[in-house]
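A.B. asks: Okay, here's the structure, questions in a sec.
The values are calculated or read from the model by the stated rules, or taken from the named source; none is laboratory data. The structure presented is a predicted model; accordingly, all values stated were derived computationally and were not measured. Heads up, the Cβs are rebuilt from the backbone with ideal geometry, glycines too, and the neighbour counts pull from every protein chain shown. These accessible areas exclude ligands, DNA and RNA; they are computed on the full protein's heavy atoms, side chains included. Shrake-Rupley method; radii C 1.70, N 1.55, O 1.52, S 1.80 Å.
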Amino acid sequence: MATHTPVSDAVVEPQADDSPQPGSPWNTDGNQYIEVDGPDDLDADSAYGTSIQSDLTSLASEITRGVWEHGRRYHSYGRSQYAFPNDEAEVERLDMQHAMQTHLLGDRLFWAPINPEGSRVLDLGTGTGIWAIEFADMFPGSSVTGTDLSAIQPQWVPPNCTFEIDDAEAEWTWDEDTFDYIHNRNFVCAIRDWPKLIRQCFQFVKPGGWVEWHEKYPYMSSDDGSLPEDSALFQWGVKFFDASIPFGADATSPRNLKRWMEEAGFVDVREHILKIPIGSWPKDKRLKQIGLLESVNMTEGIQGLTMMLFTRCLHWTAAEVEVFLSRVRKDVKDRTIHCYYNFYVVFGQRPEGPGL
């Protein structure tokens, strides 16, 4: 019988009280200035360059077909329309994004002060399942369930990890108070009703349990004025947000997560805003590595992030999108542009006590 090999040993096991501290290299705020590396030390970047009724369905089901647009495959399950593909190229991009985001968090899978061993964990929007697999490997006493609209997860997984096809925005079929921890990542341009989803998380996490969100806010910025507002890279961010409105999944949602969690009843809600650089320009070694990984996302992966949104919602032709993206890629490779965007880490606890 085949045995499962751990995906990675590189992630540092966090302690229950090991929350990020001010001044740490990955705990930034909106006022932090990322130091630019000198030109002699910059790494070469050329090498990176209507709805169906939702019932939980086993990963072994036949829901593997998809919808094709402009040469890319998209999911065909659930009431939610997700803006990005689920084909092999997207699988590779998602796994690289997992590496980047884990490194951004200090080589950690989560920041909420949870006790992972023995916990029952839900990974919403699991994607390729890599986060759920790594968590299950690191904490064999836990029980991890990953759900997604697409059946793109591997078949060989740890014995304490399972995957199911489900729509996060549909009515959940588990019992209430089921999970000790709910993890959610990269739901921008995927969720139509965020307050409802957050209330549902409150309903299904146990009293004393935690819910954590990791979300991008891809409005492009620079601290030194090196990103002109007429540049293609800056305009991509503007148009991404513009397209998200008619798509029905407003990309400004990360800014409201903390407020929505508090309104749902969560306590001790914490918000951390990190910076994701694009390119190898930061002097800090960790941020340089993160920037190199993100430069791949914004060159090789940018077509999948753009095509559906811009053709459907901005009414561009596919040819117009491709011409525009060639300019975006050129800006990403321009070492004089010191660009970044924000990444939100927000987590809170369902209070313990009677009457919940």
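A.B. asks: Test SER244 against the stated conditions and say whether it is open to solvent by less than 20 Å² (accessible area, probe 1.4 Å), of a type in the set (Gly, Ala, Ser) and more than 15 Å from TYR344 (Cβ to Cβ). Please lay out each step first, then the result.
C.D. replies: Numbers: open to solvent by less than 20 Å² (accessible area, probe 1.4 Å): yes; of a type in the set (Gly, Ala, Ser): yes; more than 15 Å from TYR344 (Cβ to Cβ): yes.
Answer is yes for this residue.
A.B. asks: Please tell me if ILE198 is among the hydrophobic types (A, V, I, L, M, F, W, C), within 26 Å of LEU105 (Cβ to Cβ), part of a loop (DSSP other than H, G, I, E, B) and touching a helix residue (DSSP H, G or I) at 6+ places or on another chain (Cβ under 8 Å). It would help to see each step written out before you state the result.
C.D. replies: Details: among the hydrophobic types (A, V, I, L, M, F, W, C): yes; within 26 Å of LEU105 (Cβ to Cβ): yes; part of a loop (DSSP other than H, G, I, E, B): no; touching a helix residue (DSSP H, G or I) at 6+ places or on another chain (Cβ under 8 Å): yes.
No, not satisfied.
A.B. asks: How many residues are in a helix (DSSP H, G or I) and open to solvent by 70 Å² or more (accessible area, probe 1.4 Å) if we restrict to the range 247-270?
C.D. replies: 4
A.B. asks: To continue, here is another question. Is at least one residue of the range 178-192 over 19 Å from the mean Cα position of the chain (by Cα), surrounded by fewer than 19 Cβ atoms within 10 Å (Cβ to Cβ) and either modelled with pLDDT of 90 or more or under 23 Å from GLN303 (Cα atoms) (or both)?
C.D. replies: Kept after step one, since they are over 19 Å from the mean Cα position of the chain (by Cα), are these residues of the range 178-192: 178-180.
From what's left, surrounded by fewer than 19 Cβ atoms within 10 Å (Cβ to Cβ): 178.
In the following step, the residues that additionally are either modelled with pLDDT of 90 or more or under 23 Å from GLN303 (Cα atoms) (or both) were identified as 178.
Yes: one or more hits.
A.B. asks: Additional query: Here is a list of conditions, (1) at pLDDT 90 or above; (2) more than 16 Å from the chain's Cα centre (by Cα), and TRP131 meets all of them except one; can you say which number that is?
C.D. replies: The one condition TRP131 does not meet is (2).
A.B. asks: Out of ASP148, ASP123, report the one residue that is open to solvent by 10 Å² or more (accessible area, probe 1.4 Å) and either among the charged types (D, E, K, R) or touching a Cys at 6+ places or on another chain (Cβ under 9 Å) (or both).
C.D. replies: Sole residue among the options that is open to solvent by 10 Å² or more (accessible area, probe 1.4 Å) and either among the charged types (D, E, K, R) or touching a Cys at 6+ places or on another chain (Cβ under 9 Å) (or both): ASP148.
A.B. asks: Also: What are the residues in the range 173-195 that are in a loop (DSSP other than H, G, I, E, B) and of a type in the set (Ser, Thr, Tyr), if any?
C.D. replies: Passing the criteria: THR173, THR178.
A.B. asks: Same structure, new question: Here is a check on your reading of the model: is SER326 outside any helix (DSSP H, G or I) and out of contact with any His (no Cβ under 7 Å at 6 or more places or on another chain)?
C.D. replies: Criteria not met by SER326.
A.B. asks: Just to be sure before I move on: is ARG286 of a type in the set (D, E, K, R), open to solvent by 40 Å² or more (accessible area, probe 1.4 Å) and over 19 Å from ALA99 (Cα atoms) in the structure I sent?
C.D. replies: Here the answer is no, as ARG286 does not meet what is asked.
A.B. asks: Another question about this same structure. I'm told GLU320 meets every condition in (1) part of a helix (DSSP H, G or I); (2) under 23 Å from ALA190 (Cα atoms); (3) open to solvent by 20 Å² or more (accessible area, probe 1.4 Å) except one. Can you identify the failing condition by its number?
C.D. replies: Only one criterion is unmet by GLU320, namely (2).
A.B. asks: If we keep just the residues of the range 326-348 that are crowded, with 21+ Cβ neighbours inside 10 Å and not β-branched (Val, Ile, Thr), which is farthest from PHE240 (Cα to Cα)?
C.D. replies: Per the criteria, the residue is GLY348.
A.B. asks: Can I ask one more? On the basis of being touching a Gly at 6+ places or on another chain (Cβ under 8 Å), open to solvent by 40 Å² or more (accessible area, probe 1.4 Å) and in a strand (DSSP E or B), does TYR219 make the cut?
C.D. replies: It is true that TYR219 is touching a Gly at 6+ places or on another chain (Cβ under 8 Å), open to solvent by 40 Å² or more (accessible area, probe 1.4 Å) and in a strand (DSSP E or B).
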